[in-house]
Every structure is written in structure tokens, then in C-alpha cells.
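Chemist: Here it is, the structure, as C-alpha cells.
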Amino acid sequence: TVTFAMQAGDWLDVTAFEGCVESHASRQDNGTLFPHLPGSLPTSLQDLSEAATLYRGDFLESIYDDWALVERERLRERYLHTLEWLITLYKQTGDYNSALTYAQRLVVCDPLCERCHRELMRLYHLLGRPRAALQQFATLRDLLDEELNVGPSAATIALRQDISAAMEEIEPAYLPVSPSPPPLLRDLAHLPFVGRRDERARLVDALQAALQGHGGIALVEGDAGVGKT
């Protein structure tokens, strides 16, 4: 019973979103997935990035009529596929940071999708962030336990073990031992605190006040390497 009377220059974000997705799909069908000029993004990436930008929320979220529910789910599925395409294409171009951004959005939109979490773990690993990958596994494990009362699949557990093993190979299995200082520097008590005497005194005063119950904040600022630590 309600429709739009479109005027010149009017546009609908839903129509524009689907147009970008279909433009990518047609290029994929024609085998022209990466037509682009040197230094520019592939055309498919441009289409899909624009589609992802246009999708700012689910379709008519406050409407619960059957037709709206069906259309909402259809468009949401197209958006999830768009994110997956973007992840794949950016990985193919070697831009793992952009792929990570869209993988994070995908996990937010579909938090119970183990495959999506595994993709995010792989990207963290590729970017040299194995601890973030292991944290993502922990997040997934807790979420599955809370929402479905199940644990991660064998594939996800195996990926976690591979990342953990790779991290152990990189990191030393022992604590580094600090070398002993030269003989003349063993006793440093006689050396003056050059260039920071006044600042140190003010900090000591602030500490004494804090110990007496009068807390405060001290901001130490200066250029990198100037000796703030």
C-alpha cells in the first residue's frame, strides 16, 4: 500500500546496493574479475566495497511483516556474501589488512559462523598477530558454549593448534639473561640523575601526597626518545 514516487535524482540505497553486487556477479560470470588500470583497485573490488559501504543496517529493522522479514533476510545474505567476496579478493591482491577489516565485520554480522572465525584467525596469523588469533579462538569457544552449549569443531581446534605451534617456534623458549654491566658501572649510586632532577622531585612529592591520601595525576610528555621512561 506504500511505494516511492521517484523523482529525477532520487535513488534508493537498496537498489544501489544490489546494483553493485550484481555488477560484480556479471563480471565474475564473464571471466573479467580483475579488469583494472595499474595503481587502481580492480573493478570488482570497487563495486563490492561500495556495496559494503551502502549496507549500514538490516532492511527495515523495526518492521515485522512477513514480506519485510523475507526481504530483510535475502538482503542480509547478499551482504554476507559481499563481505566474503571482499575478503577473498583482497587476499588475492595481498592486502591482508583490508581483508582483516571485512573479516571482522563478517564475524560481527554472523557471530556463530565458525568458518568466519577461522578466516579471521588465519588473517591475524598472516599479519604476524598470532596472539590475536588465539584470542579470537577463545572468543569463539566461549560464544559457542554460551549460545549453543557446544565446543569448536575439529577444524577450528586444529587451526588453533597450528597457530600456537608456529608461535612457539618463533618465540624463544627461555628468558633472555641481561648481560652484566662493565665493572666501572656496577655501582651506579654515585652517578647523578642528569637533566631530570626537578621533574623527579615533583613526581616524588606527588607520590608522597598520594601515600597520604591526596591522589592526583601526573602527565609526563615529550618527544619520542627524550627520556620519559
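The values are calculated or read from the model by the stated rules, or taken from the named source; none is laboratory data. Please read these numbers as outputs of a predicted model, since none were measured by experiment. So basically every Cβ, Gly included, is an ideal-geometry build from the backbone, and we count neighbours across all protein chains shown.
Chemist: Inside region 106-129, can you point out the residues that are under 13 Å from the mean Cα position of the chain (by Cα), crowded, with 18+ Cβ neighbours inside 10 Å and either over 16 Å from SER153 (Cα atoms) or of a type in the set (Lys, Arg) (or both)?
Modeler: Passing the criteria: LEU106, VAL107, ARG122, LEU123, TYR124, HIS125.
Chemist: Also, I was wondering about something else. Quick check, is GLN161 at pLDDT 95 or above and polar (S, T, N, Q)? Don't jump to the end; show me each part of the working.
Modeler: Details: at pLDDT 95 or above: no; polar (S, T, N, Q): yes.
Here the answer is no, as GLN161 does not meet what is asked.
Chemist: For LEU75, indicate whether it is surrounded by 15 or more Cβ atoms within 10 Å (Cβ to Cβ), over 26 Å from VAL150 (Cβ atoms) and among the aliphatic types (A, V, I, L, M). Please lay out each step first, then the result.
Modeler: On the way: surrounded by 15 or more Cβ atoms within 10 Å (Cβ to Cβ): yes; over 26 Å from VAL150 (Cβ atoms): yes; among the aliphatic types (A, V, I, L, M): yes.
Yes.
Chemist: Does any residue of region 169-190 turn out to be modelled with pLDDT under 85, among the basic types (Lys, Arg) and surrounded by 10 or more Cβ atoms within 10 Å (Cβ to Cβ)? Please lay out each step first, then the result.
Modeler: Looking only at region 169-190, we keep the residues that are modelled with pLDDT under 85, and these are 169-190.
So of that shortlist, the ones also among the basic types (Lys, Arg) come out as 186.
Pick out the ones that are also surrounded by 10 or more Cβ atoms within 10 Å (Cβ to Cβ) and you get none.
No, region 169-190 has no match at all.
Conditions (1) surrounded by 15 or more Cβ atoms within 10 Å (Cβ to Cβ); (2) over 13 Å from GLU119 (Cβ atoms), marked per residue:
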| position | (1), (2) |
| --- | --- |
| ARG56 | no, yes |
| GLU71 | yes, yes |
| LEU86 | yes, no |
| ALA99 | yes, no |
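Chemist: Can you name the residue in region 1-27 that is exposed (fewer than 10 other Cβ atoms within 10 Å of the Cβ) and of a type outside the set (A, V, I, L, M, F, W, C) and, of all such residues, is modelled with the lowest pLDDT? Before the answer, list the steps.
Modeler: We begin by selecting, within region 1-27, every residue exposed (fewer than 10 other Cβ atoms within 10 Å of the Cβ); these are 1-5, 7-11.
Now drop any that are not of a type outside the set (A, V, I, L, M, F, W, C), which leaves 1, 3, 7, 9-10.
Values: THR1: 75, THR3: 83, GLN7: 92, GLY9: 90, ASP10: 93.
In this case the residue turns out to be THR1.
Chemist: Please find, within region 54-81, the residue that is farthest from the chain's Cα centre (by Cα) out of those that are under 15 Å from THR15 (Cβ atoms) and assigned to a helix (DSSP H, G or I). Reasoning before the result, please.
Modeler: Pass one, region 54-81, residues under 15 Å from THR15 (Cβ atoms): 54-56, 59-60, 71, 74-75, 78-79.
So of that shortlist, the ones also assigned to a helix (DSSP H, G or I) come out as 54, 71, 74-75, 78-79.
Working: LEU54: 20, GLU71: 29, ARG74: 26, LEU75: 24, ARG78: 22, TYR79: 18 Å.
Looking at residues that are under 15 Å from THR15 (Cβ atoms) and assigned to a helix (DSSP H, G or I), I get GLU71.
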